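Here's the structure, in structure tokens; my notes come after.
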Amino acid sequence: MKMDVLLGLQWGDEGKGKIVDFLATQYNMVARFQGGPNAGHTLEFDGIKHVLHQIPSGIFRKDIENIIGNGVVLDPLIFKKEVEALDKFNLDVHSNLYISKKTQLILPTHRLLDAAYEEAKGKSKIGSTLKGIGPTYQDKIARMGLRVGDVLSPNFKEKYQKLVAAHIEILKQYNAVPDMEPLDKEFFEAVDFLKKFQLIESEYKINEVLNSGAKVLAEGAQGSLLDIDFGSYPFVTSSNTTTPGACSGLGVAPNKIGEVFGIFKAYCTRVGSGPFPTELFDEDGKNMQTEGNEFGATTGRPRRCGWLDLPALKYAIMINGVTQLFMMKADVLSIFDKIKVCTHYKRGDGTVTDIFPFEIVDEEVTPIYKEMDGWSTSLRDINEYDALPTTLKDYISFIETELNTPINIISVGPDRTSTIMRNGVTA
């Protein structure tokens with residue numbers, strides 16, 4: 001059996017958590033392959049909103065195994081809080097959650113380094129969530145980091161203190177030397193909690209499941225336009241958020257990738273700094289933000305909002321090998337009489353292009369829009385594609401044609417029941 005991959009095609013916050021939860025019943029396992037607690041996957045059902053940061057979004061389905069893969073960076077403190085928040089729902093997290101021993105650990109000093117680096121950038125701030133993600137991946141690449149499997153080592157404390165000492169030397173240069181005693185105490189309490197879980201060689205587990213004919217869904221975090229290699233660098237995250245990241249982040253060979261589900265909003269949002277060609281600074285942008293409740297699930301920061309960007313979407317579809325598209329938050333655009341879609345960019349030299357250019361960080365591009373009629377009606381009680389307003393179906397058809405990829409799910413609300421399947425999702 002091949003592993004399907006589900007990931008975001010924009011700057012994150014596309015609604016991946018909801019769709020993983022919705023599709024999870026078709027799978028035997030859900031596995032997170034990159035990112036860390038800088039991700040916030042929101043799920044809503046039975047009138048309750050849940051936000052997961054590191055735990056895969058299949059955790060609410062009791063018969064499904066969940067894996068935190070080696071490509072993830074894990075903060076034991078946040079992990080402990082996540083698990084404790086799930087306790088009231090009577091989930092048997094200890095039996096259906098596995099953590100790769102090769103997953104990198106986020107230390108308290110990683111968070112301090114993150115804050116110091118960001119502060120030093122001044123006006124050039126990236127917009128980091130300050131969760132220690134970048135410094136943890138930095139240590140991983142420098143071959144200095146600690147991994148989940150290290151907590152089982154008898155000399156783990158010694159390894160921890162050695163890395164912390166190296167971090168403190170750096171922090172001294174930023175005049176940010178901390179009192180480590182309370183931070184150490186809290187960290188080791190969380191590590192003791194972490195030890196009670198199933199810490200495994202997860203690459204063997206995933207491949208055994210696939211070889212048995214069972215189905216695995218790889219869950220991505222952030223979005224393709226934040227990929228460390230292919231995003232709007234340097235305003236990106238610190239991991240590979242695209243399909244190849246699922247291979248390296250889980251230990252699954254490329255020839256075992258099946259469907260690639262690309263999730264996008266019916267419009268665009270972005271948190272933090274960086275280019276955003278279709279960003280709106282007028283009342284339309286404010287209304288979009290309010291109607292879509294566009295505030296970060298992890299940080300609470302307001303999200304920048306704008307019209308759908310097709311050149312960016314085409315780029316994300318290409319680099320991911322997307323086979324099916326899922327459109328989220330179509331209901332948010334119900335407040336507009338007219339809707340715009342960016343089809344091309346006009347560059348500074350006057351040329352027109354539909355590619356996502358390298359220079360987009362330093363060169364301002366002007367979006368060229370196609371205007372379409374809106375649907376100006378609530379989608380709340382609609383659960384079949386044929387019942388959608390004609391103008392919304394026209395919008396979907398136009399996007400499909402431009403992207404040459406089918407849109408097989410349309411989300412019309414935050415609840416798992418507000419999801420319309422179309423064309424028969426192949427999973």
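The values are calculated or read from the model by the stated rules, or taken from the named source; none is laboratory data. Values in this document were obtained by computation on a predicted structure and should not be read as measured data. Using ideal geometry, Cβ is built from the backbone for each residue, glycine included, and neighbour counts are taken over all protein chains shown. With ligands, DNA and RNA removed, areas are computed over all heavy atoms of the protein, side chains included. Shrake-Rupley method; radii C 1.70, N 1.55, O 1.52, S 1.80 Å.
Calculate what fraction, in whole %, of the accessible area of region 199-307 sits on carbon and sulfur atoms when a 1.4 Å probe is rolled over the protein chains. All intermediate terms of the calculation are to be shown ahead of the outcome.
On the way: 2020 of 3920 Å².
The C+S portion of the solvent-accessible surface of region 199-307 is 52 percent.
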- Message: Taking the Cα centroid of region 129-145 and of region 308-355, what is the distance between the two, rounded to the nearest whole Å?
- Response: 32
- Message: Please list, in order along region 66-83, the HN-Hα scalar couplings obtained from phi with the Karplus expression 6.51 cos²θ - 1.76 cosθ + 1.60 (θ = phi - 60°), rounded to whole Hz, x for Gly and Pro.
- Response: 10, 10, 9, x, 5, x, 7, 10, 10, 9, x, 5, 5, 4, 4, 5, 4, 5
- Task: For helix 108-120, report the angle its Cα long axis makes with the longest principal axis of the Cα atoms of the chain; keep it between 0 and 90° and round to the nearest 10°.
- Result: 50
- Angle, helix 180-194 long axis vs. longest principal axis of the chain, Cα atoms, 0 to 90°, nearest 10? 80
- Item | For V30, distant residues with modelled amide H under 5 Å away | E65, N66, I67, L217
- Note on the structure: Taking GluC sites (Glu not before Pro) in a DSSP loop with at most 14 other Cβ atoms within 10 angstrom as exposed, one finds the longest site-free stretch of the chain at 1-200
- Query: When the Cα atoms of the chain are enclosed in a convex hull and the volume is divided per residue, what value in Å³ results?
  - Reply: 141
- Surface accessible to a 1.4 Å probe, K205 within the full protein complex, Å²: 50
- What angle, in degrees between 0 and 90 and rounded to the nearest 10, separates the Cα long axis of helix 156-173 from the longest principal axis of the Cα atoms of the chain? 70
- Could you tell me what percent of the accessible area of region 54-184 is made up of carbon and sulfur, with a 1.4 Å probe and every protein chain present? 50
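Just need the Rg to Rh number for region 1-144, please, alpha carbons only, Kirkwood Rh. Mind dumping the intermediate values first?
Numbers: Rg = 15.9 Å, Rh = 16.2 Å.
The Rg/Rh ratio comes out at 0.98.
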- Under the Karplus relation 6.51 cos²θ - 1.76 cosθ + 1.60, θ = phi - 60°, what is the ordered set of whole-Hz ³J(HN,Hα) values for region 251-257, x standing for Gly and Pro? x, 10, 5, x, 6, 9, 7
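Ordering F22, F281 from largest to smallest accessible area (1.4 angstrom probe), what's the sequence? Walk me through the numbers on the way to the answer.
Values: F22 45, F281 170 Å².
Reading off the accessible areas and sorting them downward yields F281, F22.
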- Message: Which lysines, if any, have their Cα less than 23 Å from the Cα of K185, not counting same-chain residues under 8 positions apart?
- Response: K80, K81, K101, K131, K157, K159, K162, K172, K195, K196
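Express the accessible area of the chain per residue in Å², computed with a 1.4 Å probe while the remaining protein chains stay in the model.
Working: 17780 Å² over 427 residues.
I get 42 Å² per residue for this part.
Using only the Cα atoms, what convex hull volume per residue in Å³ does region 277-427 have? Walk me through the intermediate numbers first.
Numbers: hull volume 21.0 nm³, N = 151.
With only Cα atoms used, region 277-427 gives 139 Å³ per residue.
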- Message: Relative contact order of the chain, please, whole-number percent, based on alpha carbon pairs below 8 angstrom and at least 6 residues apart.
- Response: 20
- Query: How do M372, M144, M327 rank by accessible surface area computed with a 1.4 Å probe, from largest to smallest?
  - Reply: M144, M372, M327
- Task: Would you please give the residues with an amide H less than 5 Å from that of M3, counting only those at least 5 places away or on a separate chain, with H modeled from the backbone geometry?
- Result: I257, G258
- Query: How much length, in nm to one decimal, is gained on full extension between D229 and K162, taken as 0.36 nm per residue of separation minus their Cα-Cα distance?
  - Reply: 21.1 nm
